[in-house]
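Below is one structure, written out as structure tokens; the observations come after it.
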Amino acid sequence: MDRIILHLDMNAFFASVEQASNPHLRGKPIAVIGSEERTVVTTCSYEARAFGIKTGMTKYEAKKLCPEIILVPGNNQKYIDTSVKIIGILKNYTSLIEVFSIDEAFLDITNSLTLFHKTENIARLIKKKINDELGLLCSIGIAPNKLLAKLASDMKKPDGLVIIKKEEISGFIKDLPVSNLCGIGEKLAAYLKTMGIKTCGELGRYPVKTLKQRFGVIGERLHNMGLGIDESPVVSYEEDQGVKSVGHSMTLTKDVSDINIIHKYILQLSEMVGRRIRKYGYSGKTIVLTIRYKDFTTFTKQLTIESYINNDLDIYFTALKILKSIKLEQEVRLLGVTITSLIKYYHQLSLFGDEDKKNIIGKTMDKINDRFGDFTITHGNLIMNDHSQGVISPSWRPSGVRRVEVK
Ligand SMILES: [Mg+2]
């Protein structure tokens, strides 16, 4: 069935929110930065971009290019609040909304068209409402799928509206560089180039069998991307709200009292939990540790920390803190680690702190583990042989957002 997908991307989001809330900043080159000394530019206004200032530059580099640049410390809460207001506006047009990041969303508007007649009208209404109510501009792309809608929203900034119709797809993408497609990063594009593939057209024509041999399961996905095909559904905001916690538990093959071995199991569980919440872009601030003794007495203890976390080691160290507060009375039969108090897309804000590096390491591990199997790469103290010692709970699976209860 033909679908109509709309992708909305806010323009220079953090900087625009600052300019909208402070008239003194309007029309001026501003850069939103983190609060620490060695911080970088997370977003800058279009006025600043005219000087060549870009995301990722240090504030010294930015000042060199534009001495009058106004540096504004970022305010996560303000951007989250604005994002929630934008989602509220979008809800007037469809209930099928997928929040892709703090300033991007996909809408499936296939069934909204009887109400609003033309596709273009919906886009114009959304743009007007966001501008009237929040004083912000956005770019919108509309296409038969998410891949092309995102491509379309990227084509005109700021304040763009680009529509790709079904019959225009191949003409639209055949000469575009593959790196314009969401999901094909610099490294993959460089690798494809060594295979003689530079454009989407070339990718679509390349023998799918060879792509599969080179890239495994993503070979077929790449082939489809080259043809502008993307079947992935818009996963709605409502469904997303159902994810309240992610946890895993493990029954040990024999009862354990050695604290070092218990630490290793907790690290392994923390890696499993971390990997899955990162995959879906969540962070959480409450860790729950579950312990079952030899005689089946089971209890949980939780700890809520100040900041949202999603990386393995933060989860691990928080779980260890809980463990330290418990006096173990018997040998342990089962262990579980769960993260709750979840928030979506906090990882998108990580440029503000030093979580960034940890995130990158985490993401790289996830990629390699997705490709070659669980625990190909693990944190140092996790000794490979230990994996055979525990039975992973049946609820464990690397994908699938759903509530997972600790047994
Ligand atoms: Mg944006």
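Any read-out appearing in this document is the output of simple, stated calculations on the displayed coordinates, not a laboratory observation. This one's a predicted model, so the numbers in the text were calculated from it and none came from an experiment. Don't worry about glycine lacking a Cβ; one is built from the backbone with ideal geometry, like all the others, and counts go over all protein chains shown.
Taking a 28 Å limit on the Cα-Cα distance, which of the listed pairs Lys157/Lys187; Lys128/Lys165; Lys78/Lys118 fall beyond it?
Among Lys157/Lys187; Lys128/Lys165; Lys78/Lys118, the Cα-Cα distance tops 28 Å for Lys78/Lys118.
Computed from the C-beta positions of Ser21 and Lys166 and an R0 of 51 Å, the FRET efficiency is 0.80 to the nearest 0.05.
Based on the Cβ-Cβ distance from Ser179 to Thr58, what FRET efficiency comes out when R0 is 35 Å, to the nearest 0.05? In this case the efficiency is close to 0.85. Since only Cys200, Leu222, Ile184 are under comparison, the one whose Cα sits farthest along the positive direction of the charge dipole of region 170-226, derived from C-beta charges on Lys, Arg, Asp and Glu, is Leu222. Ordered by the number of other Cβ atoms lying within 10 Å of each residue's own Cβ, fewest first, Cys182, Cys44 fall into the sequence Cys182, Cys44. Computed from point charges on the beta carbon alone (+1 for Lys and Arg, -1 for Asp and Glu), the dipole magnitude for region 108-264 about its Cα centre is near 540 Debye.
What the Kirkwood sum gives for region 1-164 is a hydrodynamic radius of 16.5 Å, with every pair of different alpha carbons counted. Rounded, prolate or oblate: pick one for region 182-334, where a ≥ b ≥ c are the square roots of the eigenvalues of its C-alpha gyration tensor, a/c under 1.5 means rounded, and failing that, prolate if a/b is larger than b/c, else oblate. Prolate.
State the Kirkwood hydrodynamic radius of region 263-335 in Å, one decimal place, computed from all pairs of distinct Cα atoms.
12.7
Counting every Cα pair in region 1-90, what percent are over 16 Å apart? Value for region 1-90: 55 percent of Cα pairs lie more than 16 Å apart.
Length available on full extension from Lys209 to Ala50: 0.36 nm per residue minus the Cα-Cα distance, which gives 52.7 nm. With the convex hull of its Cα atoms as the shape, region 170-226 has an orientation-averaged projected area of 3.3 nm².
The dipole here belongs to region 1-164: it is taken about the Cα centre, uses +1 on the Cβ of Lys and Arg and -1 on the Cβ of Asp and Glu, and is about 240 debye. Sorted ascending by nearby beta carbons within 10 Å, beginning with the fewest, Met155, Met57 become Met155, Met57.
Descending by average beta-carbon neighbour count within 10 Å, the peptides 121-133, 245-257, 273-285 line up as 273-285, 245-257, 121-133, the highest first.
Full extension of the segment from Phe317 to Asp159, taken as 0.36 nm per residue of separation minus the current Cα-Cα distance, would add 52.4 nm. Residues of region 191-216 with amide nitrogen under 17 Å from the 7 Å Cα-to-Cβ point of Leu227? Residues 200-213 fall inside that zone.
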